[in-house]
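Here the structure comes first, spelled out in structure tokens, and everything after it is commentary.
The values are calculated or read from the model by the stated rules, or taken from the named source; none is laboratory data. Since this is a predicted model, take the numbers as computed values, not measurements. Neighbour counts run over all protein chains shown; Cβ positions are idealised from the backbone, glycine included. The protein model used for the area step is the full one, side chains on, heavy atoms only, and it has no ligands, DNA or RNA in it. Shrake-Rupley method; radii C 1.70, N 1.55, O 1.52, S 1.80 Å.
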Amino acid sequence: MTTDTDTSSTDDTARQDRPAPHGGTARGPRKHDARGAAGSAPRPAITGRRLACWAAGAAGVLLLVLLPLLNISLPGVLPGPSYTPGSLQLLAMCMLMAAAALTYHLLLGVAGLLSFGHALYFGAGVYGLAIILQNLDIPLLPAMGLTLLIVVVLAHVVGSISLRVNGIPFAMVTLAFAQAGSVIVGRNPDGRTGGDEGLTLRTDNLPDVLVGVVNTRNLYWLALAVLVAVFIVVTWVQSSRAGHAAAAVRENELRVRVLGLQPYLVKLLIFVVSAVLVCVIGMVFLLLQSGAVPRAVSSDLTVTLLVMVVLGGVGSRWGAVIGGVFYTILDQRLTTLANSEAVKSLPDILRVPLSEPLFILGTLFILVVIFLPGGITGTAERLAQRRRGRRAGSHGTETPRDILEDAA
């Protein structure tokens, strides 16, 4: 006795084993399975170049971990040997600014969102943690968790409103929210924000290892851990489905909408993740500086992050890191140069521009945009490709394109 199920399975087996017209065996249902297996995206192969990058990154992180234990002097870059508090303070600041530039890369380089209000969440992390520690008798970690929760809600509210528009209107809306935050800090409601003088960090509930100049080494390691963690999170988000969808929205939002996806939710996710990450950086910045200053919530900081990303190379994670470190070191060292006796003794035609660090940074930014449109990493990549092309051309015939590139 044969049931319907047995009959259908028998028919399927017969169809699978039936000879094909041109020889072989026809595979009906199995053909569908093979197509499904072939349709799945293969895992990216781990190439030698990728392994070399990972090894170089791990070696760099290890060197940075050991740096406070070494006696390395870089005249003109560091104010003293690498183990001194002044040098560690500068290096920690470079790492935090590089991490902040990475979060802005997530907005601009991945999702294509030109925001002028990113400093709002950095400042919310700085002032939020300072106010909570000042008024509530709770330890550091719960205070950071409460600050993070506030910023998550704030980012959802601001993002849900700002992302209703695109392009320049989006930038203006984010700028308006950031300016509102800056005004609130300046007005000093009920004496909570300290006004123009800022807030001093209350250290009663902080761990002893994070308080004082003698513990600058620990703050340096904390800043390094934040940079590594932010880099990993940004890499994971950029490589995820949400990151790929955000990149597709950046290129053609209408096509993504036609495919049935929701660009608004994708952009909101990237917006909130970037705000949360920069909030964490702001809280560590508060611990490093031992206080909150109004510039932490001003639009100038957002413009600074934009300049860092452009200097390093838009769309590159390593470009954001390099741009953040490069800009921070220049900003700190050019201030020292502007106040030096060597500059003061120059003629007025040279002394006036060299005594303004922002003038030098602005000039450098203009030169990079004109002569290095891809930023530092983009230029390095083009030079490497040209070198590989010449190396390959030396083993073969030189093409007309190679001749034109060499002539250019």
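For region 155-180, residues that are open to solvent by 60 Å² or more (accessible area, probe 1.4 Å), in contact (Cβ under 8 Å) with a residue 60 or more places away in the chain and in a helix (DSSP H, G or I) total 3. Scanning region 231-248 for residues that are open to solvent by 10 Å² or more (accessible area, probe 1.4 Å) and more than 26 Å from residue 94 (Cβ to Cβ) gives 240, 241, 242, 244, 245, 247, 248.
If you filter region 194-230 down to residues that are out of contact with any strand residue (DSSP E or B) (no Cβ under 8 Å at 6 or more places or on another chain) and at positive phi, you find that the one that is most open to solvent (accessible area, probe 1.4 Å) is 212. Annotation note: Cβ proximity below 8 Å between a residue of region 333-350 that is free of Cβ contacts under 8 Å to residues at least 24 places away in the same chain and a residue that is loosely packed, with under 10 Cβ neighbours inside 10 Å (sequence gap 6+ or interchain) occurs for no pair. Every condition in (1) surrounded by fewer than 19 Cβ atoms within 10 Å (Cβ to Cβ); (2) in contact with a Ser or Thr (Cβ under 8 Å, 6 or more places away or on another chain) holds for residue 125 except the one numbered (1). Within this structure, residue 288 passes the test of being over 18 Å from the mean Cα position of the chain (by Cα), buried (at least 17 other Cβ atoms within 10 Å of the Cβ), of a type in the set (A, V, I, L, M, F, W, C) and on the phi < 0 side of the Ramachandran plot. Within the set 186, 117, the sole residue that is modelled with pLDDT under 95, farther than 19 Å from residue 266 by Cβ and outside any loop (DSSP other than H, G, I, E, B) turns out to be 186.
So which residues in region 329-349 are closer than 21 Å to residue 93 by Cβ and part of a loop (DSSP other than H, G, I, E, B)? Listed by number, the residues that qualify are 339, 340.
Looking at 138, 131, just one residue is open to solvent by 20 Å² or more (accessible area, probe 1.4 Å) and outside any helix (DSSP H, G or I), and that residue is 138.
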